[in-house]
1. Show me the chymotrypsin sites (Phe, Trp or Tyr not before Pro) within the range 1-69 that DSSP assigns to loop and that have at most 11 other Cβ atoms within 10 Å of their Cβ.
2. Which number gives the lysine pairs in the chain that have C-alpha atoms under 18 Å apart and are eight or more places apart or on different chains?
3. Tell me, how many Å apart are the Cα centres for the range 48-67 and for the range 6-36?
4. Apply the Kirkwood formula to the range 57-117: the hydrodynamic radius equals the inverse of the mean of 1/r over all pairs of different alpha-carbon atoms; give it in Å with one decimal.
5. Just the number, please: Stokes-Einstein D of the chain in µm²/s, Kirkwood Rh from C-alpha pairs, 37 °C, 0.692 mPa s.
6. Return one number: the angle in degrees, 0 to 90 and rounded to the nearest 10, between the long axis of the Cα atoms of helix 104-123 and the longest principal axis of the Cα atoms of the chain.
7. With a Förster radius of 41 Å, plug the Cβ-Cβ distance of His46 and Arg74 into 1/(1 + (r/R0)^6) and report the FRET value to the nearest 0.05.
8. Where in the range 1-88 are there GluC sites (Glu not before Pro) that are in a DSSP coil and have at most 13 other Cβ atoms within 10 angstrom of their Cβ?
Amino acid sequence: MIQTDWKAYQFQQPRGALPLGPMLVMLHIASVWVPFTSESKEAIAHYPEIVKEMRLGLQECGRRVAMHIRKRRREADEAKKRSYIEKYIPQVAIGLQQILEFSDVQRDDVVRKLGDVLERSRKA
């Protein structure tokens, strides 16, 4: 059995246990000569070459899943920060209106411009 520390791949894994969450790992060996342990073909022989390739394949899959998980977390964090900023843009405009004695039209223009700056910074 191949032991892997799945925490390095952004999975939750209690000490000494399997990772938590929905995950299915399947390995397929395609060869004209598969070294089975018995005639019933229930298990593959434990050759170092096969174990090494299985480990490398699992590590590559883990890296790809970790990239996906980090991307989703980054997008969620960005959306959360963006919602906070959008929530307070009108309050900032009201504060500027009171300090600088803007008209309502100027206040609305400030809200629009701050929204535009936020949108441009998100795309950059």
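Bear in mind that the values in this text are calculations on the coordinates, not laboratory data. For clarity, every value in this text was computed on a predicted model and none was experimentally measured. Don't worry about glycine lacking a Cβ; one is built from the backbone with ideal geometry, like all the others, and counts go over all protein chains shown.
1. Values: sites: Trp6, Tyr9, Phe11, Trp33, Phe36; in loops: Phe11, Trp33.
Taking the range 1-69 and a limit of 11 other Cβ atoms within 10 Å, the loop chymotrypsin sites (Phe, Trp or Tyr not before Pro) found are Trp33.
2. Working: Lys7/Lys71; Lys71/Lys80; Lys71/Lys81; Lys71/Lys123; Lys80/Lys123; Lys81/Lys123; Lys87/Lys113; Lys113/Lys123.
Counting lysine pairs in the chain gives 8.
3. 9 Å
4. On the way: mean 1/r = 0.0705 Å⁻¹.
By the Kirkwood definition, the hydrodynamic radius is 14.2 Å.
5. Numbers: Rh = 19.8 Å.
Once the numbers are plugged in, D ends up at 166 µm²/s.
6. 20 degrees
7. Details: r = 40 Å, r/R0 = 0.97.
Efficiency, from the Cβ-Cβ distance: 0.55.
8. Values: sites: Glu39, Glu42, Glu49, Glu53, Glu60, Glu75, Glu78, Glu86; in loops: Glu39, Glu42.
When the GluC sites (Glu not before Pro) of the range 1-88 are filtered for loop state and at most 13 Cβ neighbours within 10 Å, Glu39, Glu42 remain.
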